[in-house]
Each structure stands twice: as structure tokens, then as C-alpha cells.
Amino acid sequence: MAFSEKLVFICIYLLLETYIAAYRPVVIIHGVLSGNVTMIPMAERIKQAHPGTKVYVTDKFGDWSSLAPMWHQIQEIGEDLMNIAAAHPEGINLIGYSQGGLIARGILEQFPNHTVHTFISLSSPQAGQYGTKFLHLFFPGLVCHTAYELFYSSIGQHISVGNYWNDPHHQSLYRSYSRFLPYVNNEVLSSQSNSYKDGITRLRKLVLIGGPDDGVITPWQSSQFGYFDENEEVMEMRDRKVYVLDKFGLKTLDKKRRLTLIEVNGVSHLDWHTNETVIDKYIIPFLK
């Protein structure tokens with residue numbers, strides 16, 4: 001091989017190596033009553049699109065253990081994420097599906113010195129949950145309008161679902177008894193309120209994906225921080241106090257054009273993380 005040919009070969013090799021290395025590692029957190037196996041198709045799809053990308057799928061809190069209290073899951077998975085981040089000083093990207101999206105947000109707030117570049121929340125009840133179909137996945141005998149009696153109690157707060165059950169008709173009980181959602185939303189102030197906001201505004205990109213045919217997240221707009229008012233009319237994110245008062249940084253990200261809302265029709269809740277169109281069109285382009 002002539003010297004000039006060798007030089008071209010070396011240049012191409014270095015360019016390819018740089019291109020492959022340009023993609024940040026990805027951490028994926030699974031949903032409730034599932035495990036890391038369910039997220040493997042997404043992980044493989046990402047690696048196919050971005051060869052050389054390291055993708056980590058948490059294996060903690062699978063199946064019934066996913067009903068452990070949210071703060072407990074956040075602490076353990078968060079420590080793993082920070083260890084991964086320490087090995088990748090270039091930063092990482094984070095994807096959370098369903099309940100995993102709320103765990104991911106909790107990690108960002110609990111560990112505000114994270115190095116997460118982009119966080120993709122995939123059909124997650126970010127503003128809370130208030131729906132019978134979702135409820136009956138875990139508690140077939142409960143009805144929506146009385147579920148607060150269980151969830152807003154010391155026993156109910158030992159269940160992850162109870163930590164983000166947001167009954168629009170019992171907001172005083174929600175703020176008094178819920179140990180998780182009103183705190184990460186800074187609806188109830190704490191000594192960590194400022195650091196919670198810092199953890200969100202540190203993001204370079206927040207992507208919120210959901211859609212009207214989800215069928216489980218109720219209202220579906222909760223995946224984009226919209227939620228019911230006391231009359232069960234949906235208030236969009238930008239009309240809610242948590243946004244208007246910039247309680248934990250949504251408005252800051254929005255004004256800096258770091259917030260992207262994506263609404264996709266025709267996708268049911270159990271299909272988001274395996275739907276190749278969703279992955280190819282709405283997830284992979286943000287993983288840079």
C-alpha cells in the first residue's frame with residue numbers, strides 16, 4: 001500500500017472513530033411491573049442507529065419490587081447512574097419510561113450535580129396519576145374516587161404508585177401526606193427545593209413524549225406536565241402554577257428552548273418503548 005493510500009486510510013479510520021465516540025452513553029430506566037428485559041429492544045435499536053454507543057439498562061427494582069417507595073428506588077438507581085456518569089466525563093443521556101421517567105426526574109433532582117445532557121421522559125406520569133385503568137393494574141378492587149384513602153396514608157406511601165397519586169379533589173391531603181410528588185414539584189417547599197430546581201435546569205435538553213391514545217397515563221397530558229383541575233378539566237403545562245411560577249425549572253428550560261414536547265397519536269402505553277417509529281423518529285435524534 002502506497003504512503004498516500006495509508007494516509008487516507010488512517011484519516012478515514014480516525015474520522016470514523018471520532019464519529020462513533022461522539023455519541024454519549026445512554027442510561028435507560030424501565031417502568032413499573034416490568035424489568036430491564038423489556039427495554040432491551042430499545043437499547044439494541046439505539047446501538048444499531050449509533051454504533052459504538054454504550055447503553056446501560058438498569059436491572060434494579062424489576063417486577064413487583066418496582067412498587068418500592070420512589071425515594072428508595074431513586075437513591076439506589078441514582079447512585080448507579082452517578083457511577084456510570086463518573087466513567088464518562090463527556091456526559092450521558094437518560095431515558096425513563098412510564099414510572100421510570102419519574103424515577104429519572106427524581107434522580108436529576110436528588111443528584112443535582114449530575115452530568116445528564118438530555119433527559120427523555122417517555123409516557124411518564126410527570127404531573128401525577130388519577131385514573132382507574134392505571135389503578136387496576138395493581139389494585140383491581142380499588143376505585144378512583146376512594147383510592148386516596150389508601151394512598152394518602154402511612155401504608156399507602158410505602159407504595160410507589162401512592163407516591164405520585166394526585167387526586168384533584170383532595171389536594172390538601174395530597175400535599176400533606178404524599179412524600180414524593182409534591183416535593184419534586186416544589187409544591188411543598190423543603191431544604192432541598194433549590195437543589196431540586198438546579199438539577200432540572202442543569203439539563204441541556206428535556207424531551208416529554210406522550211399521546212392521547214396512551215390509555216393508561218391519566219390524563220395523558222401528565223406526560224407533559226399537564227393535569228386535572230378540581231373539575232377534572234385538563235390544564236396544559238404552561239397554564240399550571242408549577243410552570244408559571246417556575247417551581248422546579250420547566251419555565252426556565254422552555255424560555256431557553258431546551259424543552260421539547262412531542263405528541264404522538266396511535267400509540268398505547270405498553271407500546272411506547274418497543275415502537276420502532278417512536279424510537280427512530282422521536283428518541284434517537286435527541287441522543288447526541
>> Could you work out [θ]222 nm for the chain from helices alone, using -39500 (n - 2.57) per DSSP H run of at least four and dividing by all its residues? Round to the nearest 500 deg cm²/dmol.
In response: -9500 deg cm²/dmol
>> Quick check: at a probe of 1.4 Å, how many percent of the accessible area of the chain sits on carbon and sulfur atoms?
In response: 55
>> Just to be sure I understand, if you calculate Rg/Rh (Cα atoms, Kirkwood Rh) for this structure, which of (1) 1.18; (2) 0.94; (3) 1.02 do you get?
In response: (3)
> By average Cβ neighbour count within 10 Å, what is the ranking of 36-48, 91-103 from highest down?
Replying inline: 91-103, 36-48
> Among residues other than His50 whose Cβ falls under 12 Å from its Cβ, what is the net charge (Lys/Arg +1, Asp/Glu -1)?
Replying inline: +3
> What residues of region 194-230 lie in the reach of a label at Lys288, counting those whose backbone N is under 19 Å from a point 7 Å from the Cα along Cα→Cβ?
Replying inline: 202-209
>> How high is the relative contact order of region 164-236? Use alpha-carbon pairs under 8 Å, at least six apart in sequence, and give a whole percent.
In response: 21
> Distance from the Cα centre of region 35-108 to that of region 184-254, in angstrom?
Replying inline: 21
>> At 1.4 Å probe radius, can you tell me the per residue accessible area of region 95-235 in Å²?
In response: 34
>> Per-residue counts of other Cβ atoms within 10 Å, averaged by peptide: what ranking do you get for 124-130, 157-163, 170-176, 136-142, highest first?
In response: 124-130, 157-163, 170-176, 136-142
> About its Cα centre, what dipole magnitude does the chain give when the only charges are +1 on Lys and Arg Cβ and -1 on Asp and Glu Cβ, stated in debye to the nearest 20?
Replying inline: 960
> For the Cα atoms of the chain, what angle does the longest principal axis make with the long axis of helix 3-21, in degrees from 0 to 90, nearest 10?
Replying inline: 10
> Pulled fully out, how much extra length does the chain show between His88 and Ala22, if you take 0.36 nm times their separation in residues and subtract their Cα-Cα distance?
Replying inline: 22.6 nm
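The values are calculated or read from the model by the stated rules, or taken from the named source; none is laboratory data. In this text, all values refer to a predicted model and were calculated from it rather than measured experimentally. Cβ: placed from backbone, ideal geometry, glycine included. Neighbour counts: every protein chain shown. Surface accessibility is based on the protein's heavy atoms, side chains included, excluding ligands, DNA and RNA. Shrake-Rupley method; radii C 1.70, N 1.55, O 1.52, S 1.80 Å.
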